[in-house]
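Colleague: Can you read through this structure? Questions will come right after.
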Ligand code: NFS
Ligand code: SF4
């Protein structure tokens with residue numbers, strides 16, 4: 001079968017992936033007749049138009065119904081607007097559920113740690129614990145960490161179950177934004193309640209008003225970005241440390257020919273943190289040497305990679321579309337997967353090699369993978385046992401099948417909001433002031449968040465890299481997360497040197513003074529909340545308006561593919577930020593739904609969606625939007641450069 005596909009549909013690696021490592025491995029896949037998502041994409045070509053335009057409904061079993069000019073209503077009478085809006089809301093619900101369940105898991109872990117029921121996890125970052133506790137008015141003075149952590153964990157857990165009170169985490173947004181949410185009736189109640197209510201509202205025969213349904217989509221997304229994902233990010237900081245700048249490298253070349261290679265893939269950091277902690281345990285190193293290897297290399301894929309990159313500098317093997325390719329190098333002893341973005345094809349690919357695929361979470365199993373019951377209560381030993389299993393697999397590696405591309409690039413990651421604050425102002429005067437000043441003076445024109453996945457529908461990494469280069473050239477500071485940050489990492493752009501070579505004059509000056517890259521890797525996809533947090537800090541610092549909406553800032557999801565990305569886009573828009581999509585939503589079958597998301601949203605929130613499929617066009621749009629925002633803020637006057645003194649600051 002694989003042979004047939006490869007014969008009839010020749011893969012052109014260069015049109016699939018743009019980085020040299022992936023192209024090399026795709027050619028290897030072709031030689032070795034291994035199917036990948038790219039060959040499967042070819043067999044799936046001519047994707048269903050009803051699906052892509054959002055007007056296929058199978059919400060009840062009288063259907064499926066499909067809307068066409070000749071049959072404009074489903075059997076129950078639902079029209080294209082209702083159907084497209086319901087499908088859209090369900091995507092947001094699933095994305096919100098994914099991020100939030102991840103957050104819940106961590107909140108429950110924090111509670112257990114606080115109760116002294118976990119021996120291997122600890123509160124690693126007491127300052128983060130106290131910083132976040134203050135957000136919720138939890139008393140921190142003269143109290144032990146465990147006491148504070150217990151109260152905070154309970155507070156987080158209530159954010160999931162709250163039935164009638166809006167999320168408390170919303171209060172972390174600027175006041176003006178909170179008012180907008182109240183007035184537009186999108187303040188979410190408890191996260192779980194929002195997910196359940198949205199599923200109810202999209203059941204057959206409930207909510208049929210597309211505007212009401214889409215408003216609920218924004219409301220649900222806020223339960224993600226200002227709820228579940230924010231909680232995930234905060235608890236990770238408390239348990240595993242707030243990230244600070246750290247060096248590492250990215251691309252398949254991080255795998256090593258003479259070590260046991262283990263890849264962690266997925267999203268939740270609890271297991272991967274333990275693996276990172278135990279991989280250099282002397283006992284493990286000795287065990288690897290006994291097996292004939294020089295040691296053990298741990299590397300990551302997707303957002304699990306970002307979590308342990310940000311805090312421990314563990315190298316990135318690749319982003320979403322490289323998960324199969326990593327196995328095809330023939331050099332991976334074990335790939336440990338947890339939740340989200342894990343292709344069910346991995347065990348099939350692994351059959352061609354010796355790689356063992358290990359599913360380490362009960363809610364995410366894959367046929368053909370070994371299930372490993374990770375014992376959180378005995379996490380360190382459990383992680384070591386898993387690594388030993390990988391080492392045992394080293395003898396099964398077939399040297400004839402090993403070809404590790406030599407490509408990898410150095411990077412600096414770890415830019416949490418705290419880290420940015422320290423970097424800009426130093427330990428004693430940590431502050432966002434220098435950034436605000438640089439924006440006000442026009443040395444930095446504005447900020448762009450480039451986030452999201454890769455998608456087989458476009459040549460991987462190209463949009464992100466072209467866009468990011470164009471933006472920094474024009475003095476726009478780029479903030480990145482997720483697989484998109486890994487694109488830039490692989491391209492070698494996440495280094496301070498990039499600023500010297502490619503950034504515009506103003507941005508270069510700022511980066512040079514601080515020693516930072518012009519593209520800042522802020523973490524995994526739940527860490528998109530750090531971008532909102534940074535935006536809130538900029539507002540709080542003063543001089544650039546009183547709301548996130550109105551800042552010279554834009555979000556872009558160049559190569560997105562997942563439902564999580566839809567939820568992220570929605571909470572950016574609901575927070576007042578315009579979002580550019582490199583690939584369209586499935587809504588084109590309803591003009592009204594399209595209009596709501598692209599126009600009416602702006603009237604409600606100050607931000608909206610726009611689809612721009614060409615990166616250069618997108619860059620132009622971003623720059624124009626940023627300049628318009630600057631005009632509105634009145635900071636585009638040609639002013640002399642003047643440093644603010646204390647009096648000026650007070651006036652602001
Ligand atoms: Ni985000 Fe992370 Fe990557 Fe996309 Fe998947 S890994 S949570 S969804 S593919 S960026
Ligand atoms: Fe068809 Fe209505 Fe059922 Fe959807 S809910 S499948 S439109 S009958």
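Colleague: For region 497-506, what are the residues that are modelled with pLDDT under 95 and buried (at least 18 other Cβ atoms within 10 Å of the Cβ)?
Modeller: 499
Colleague: Looking at 394, 422, 463 in this structure, which one is over 29 Å from residue 625 (Cβ atoms) and under 27 Å from the mean Cα position of the chain (by Cα)? Can you show your working first?
Modeller: Details: 394 fails: under 27 Å from the mean Cα position of the chain (by Cα); 463 fails: over 29 Å from residue 625 (Cβ atoms).
Only one candidate qualifies: 422.
Colleague: Given the criterion within 16 Å of ligand 1 (Cβ to nearest atom) and surrounded by 22 or more Cβ atoms within 10 Å (Cβ to Cβ), identify the matching residue among 96, 82. Let's see the steps before the verdict.
Modeller: Working: 82 fails: within 16 Å of ligand 1 (Cβ to nearest atom).
Unique residue meeting the criteria: 96.
Colleague: Does region 462-484 include one or more residues that are in a loop (DSSP other than H, G, I, E, B), under 29 Å from residue 126 (Cβ atoms) and within 16 Å of ligand 1 (Cβ to nearest atom)?
Modeller: Looking for residues that are in a loop (DSSP other than H, G, I, E, B), under 29 Å from residue 126 (Cβ atoms) and within 16 Å of ligand 1 (Cβ to nearest atom), one finds at least one in region 462-484, hence yes.
Colleague: Please work out which one of (1) surrounded by 16 or more Cβ atoms within 10 Å (Cβ to Cβ); (2) more than 28 Å from the chain's Cα centre (by Cα); (3) under 23 Å from residue 217 (Cα atoms) is the condition residue 58 fails and give its number.
Modeller: Of everything listed in (1) surrounded by 16 or more Cβ atoms within 10 Å (Cβ to Cβ); (2) more than 28 Å from the chain's Cα centre (by Cα); (3) under 23 Å from residue 217 (Cα atoms), residue 58 misses just condition (1).
Colleague: So is residue 174 under 28 Å from residue 310 (Cβ atoms), touching a strand residue (DSSP E or B) at 6+ places or on another chain (Cβ under 6 Å) and not assigned by TED's automatic domain parsing to the domain that holds residue 598 or not?
Modeller: When the stated conditions are applied, residue 174 does not pass them.
Colleague: Look at residue 555 and say whether it is touching a strand residue (DSSP E or B) at 6+ places or on another chain (Cβ under 8 Å) and either farther than 20 Å from residue 95 by Cβ or buried (at least 24 other Cβ atoms within 10 Å of the Cβ) (or both). First the steps, then the outcome.
Modeller: Numbers: touching a strand residue (DSSP E or B) at 6+ places or on another chain (Cβ under 8 Å): yes; either farther than 20 Å from residue 95 by Cβ or buried (at least 24 other Cβ atoms within 10 Å of the Cβ) (or both): yes.
Yes, satisfied.
Colleague: Please specify each residue of region 507-541 satisfying the condition of being surrounded by fewer than 19 Cβ atoms within 10 Å (Cβ to Cβ) and out of contact with any helix residue (DSSP H, G or I) (no Cβ under 7 Å at 6 or more places or on another chain).
Modeller: 509, 513, 540
Colleague: Something else now. May I ask you to say which residue of 458, 488 is assigned to a loop (DSSP other than H, G, I, E, B) and in contact (Cβ under 8 Å) with a residue 12 or more places away in the chain?
Modeller: Answer to the check: 458.
Colleague: Hey, can you tell me all the residues within region 37-67 that are part of a loop (DSSP other than H, G, I, E, B), in contact (Cβ under 8 Å) with a residue 12 or more places away in the chain and over 23 Å from residue 562 (Cα atoms)?
Modeller: Listed by number, the residues that qualify are 60, 62, 63, 67.
The values are calculated or read from the model by the stated rules, or taken from the named source; none is laboratory data. Values in this document were obtained by computation on a predicted structure and should not be read as measured data. Backbone-built Cβ (ideal geometry, glycine too); neighbour counts: all protein chains shown.
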